[in-house]
Amino acid sequence: MKSLLYSGFDAAKEFSKLLKGETGGHLLRLYFNSSPDLPVELLEAWKLRRGLSCIFPLIKMILNHPEGISRSTEIGRAIDEFCGLLEKNSMTFAQY
């Protein structure tokens, strides 16, 4: 599943479609549990793909999912951590 983030726009779109499906919550938990460091992985994918074109829709889909929107879940906290890393990284980049 890790390759879904790195293989481009179409893969991110397909993954987003799967998250919308009946088993989306289970798929999201499987992905989260198989990813050693989801926030850092998302940040690296964001950097590689310049964010908006393929990673942003995926992040949006995760945030729209009940498993991703709640800060009381591990996934929600990981997304919060990713947002913090993104903000910190953006501020560091803006200084140069």
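Here, each number is a calculation from the coordinates, and none is a lab measurement. Predicted, not measured: the structure shown is a model, and the values here were computed from it. Cβ coordinates were reconstructed from backbone atoms using ideal geometry, including for glycine residues, and neighbour counts include every protein chain displayed.
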Computed lengthening from MET91 to SER70, 0.36 nm per intervening residue step minus Cα-Cα distance
5.0 nm
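With a 10 Å radius around each residue's Cβ, average the other Cβ atoms per peptide and rank 72-80, 28-36, highest first.
Top to bottom by mean Cβ count within 10 Å: 72-80, 28-36.
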So between ASP10 and THR23, what do we pick up on full extension, going 0.36 nm a residue minus the alpha carbon distance?
2.7 nm
Candidate aspartates and glutamates - alpha carbon under 15 Å from LYS20, same-chain residues fewer than 8 apart omitted:
GLU67
Give me a comma-separated list of calculated 3J(HN,Hα) values for region 31-36, in order, Karplus coefficients 6.51, -1.76, 1.60 applied at θ = phi - 60°, integers in Hz, x for any Gly or Pro.
4, 4, 5, 8, 8, x
What list of ³J(HN,Hα) values in whole Hz, one per residue of region 75-80 in order, does the Karplus curve 6.51 cos²θ - 1.76 cosθ + 1.60 (θ = phi - 60°) give from phi, with Gly and Pro shown as x?
5, x, 5, 5, 5, 4
